[in-house]
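Here is the structure we will look at.
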Amino acid sequence: MYGVGAEYFVTDMLSVGASWQRFNGIKTKFSDDKDLDSFTINATLHIF
């Protein structure tokens, strides 16, 4: 497994980010050793 991500503070209370991850060697019902990619986008409100 490996990946990369970044986060950017838009204001003092709001941040946005994105990340990408790859999982190696995932075994499925139909074949073995597939790679699985995941891309995530998020926004976080920092209240406290």
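A compact table of results
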read-out	value
Matching residues in region 23-36 - criterion: being within 11 Å of MET1 (Cβ to Cβ) and either under 9 Å from the mean Cα position of the chain (by Cα) or of a type in the set (Phe, Trp, Tyr) (or both)	PHE23
Single residue of region 1-44 satisfying the filter (charged (D, E, K, R) and touching a strand residue (DSSP E or B) at 6+ places or on another chain (Cβ under 9 Å)) that is least open to solvent (accessible area, probe 1.4 Å)	ARG22
Hits in region 10-20 (condition: closer than 13 Å to ASN42 by Cβ and free of Cβ contacts under 8 Å to residues at least 24 places away in the same chain)	VAL10, SER19, TRP20
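The values are calculated or read from the model by the stated rules, or taken from the named source; none is laboratory data. All values reported here derive from a predicted model rather than from experimental measurement. Counting neighbours? That spans all protein chains shown, and the Cβs are built from the backbone with ideal geometry, glycine included. Note: areas computed on protein heavy atoms with side chains; ligands, DNA, RNA excluded. Shrake-Rupley method; radii C 1.70, N 1.55, O 1.52, S 1.80 Å.
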